[in-house]
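What follows is calculated from the coordinates using simple rules that are stated; it is not laboratory data. Fair warning: this is a prediction, and the values are worked out from it, not measured in the lab. Cβ placement follows ideal geometry from the backbone for every residue including glycine, while neighbour counts extend to all protein chains displayed.
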Amino acid sequence: MGKTAIFYGSTEGNTETVAYKLKDLLGDVDVFNVDSASADDLGNYDNIIFGASTWEIGELQEDWETFIDVLDDADFSGKTIAYFGLGDADGYPDTFVDAMGIIHEKIKDSGANFIGAVGTDDYTFDDSAALYDGKFIGLPIDEDNESDMTDDRLEKWVADIKGKLQ
Ligand SMILES: Cc1cc2nc3c(=O)[nH]c(=O)nc-3n(C[C@H](O)[C@H](O)[C@H](O)COP(=O)(O)O)c2cc1C
């Protein structure tokens, strides 16, 4: 199997916690905080999992605000990419996990293969910028309201993406 890394940004630690849970489930993966990662780091991996929380009503997490421009310097063609996003569907139902959509808009035409879209049935929200063809472009996790569902959601998602990684 090719090399896999998780790149996450996290303000209060929720996305970081989920990133390391994912690492435990996936096995041999490296984990980077985007506050200190580079385009060269991205270039070293065949499979990349981006993790981001949404802040300030539909905005990227603050370290992602800087890292999003680093994506311009990376070549994603031929890579396999998945997303997970932390959000609060109860407090911010109109901008639920928007950050995944903001990142995807930036790289959707990069020639990468995107995996890990998730249906909306399991979530109660009004709108999200992370919706593509009626599905979330990645895995939403809501630690504010549904933390009891996180482990199950992660296990199901990993079962989906594991066979699709290069
Ligand atoms: C001021 C504020 C604004 C937020 N805005 C959103 C939002 O627009 N959409 C959303 O889904 N979650 C929103 N959240 C919820 C966070 O994304 C959520 O708490 C997340 O787990 C934080 O993850 P982190 O600790 O990794 O940054 C907001 C939280 C705060 C405190």
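A compact table of results
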quantity: Relative contact order of segment 4-162, defined on C-alpha pairs under 8 angstrom at six or more residues apart (%); calculated: 22
quantity: Total formal charge among the other residues, if their Cβ is under 11 angstrom from that of THR4, Lys/Arg +1 and Asp/Glu -1; calculated: +1
quantity: Inter-label distance, nm, simple model (7 Å from Cα along the C-beta direction), GLU65/VAL31; calculated: 2.5
quantity: Under 13 Å, Cβ to Cβ, from VAL31 - net charge with Lys/Arg +1 and Asp/Glu -1; calculated: -3
quantity: Anisotropy class of segment 48-166 from Cα gyration tensor, a/c 1.5 cut; calculated: oblate
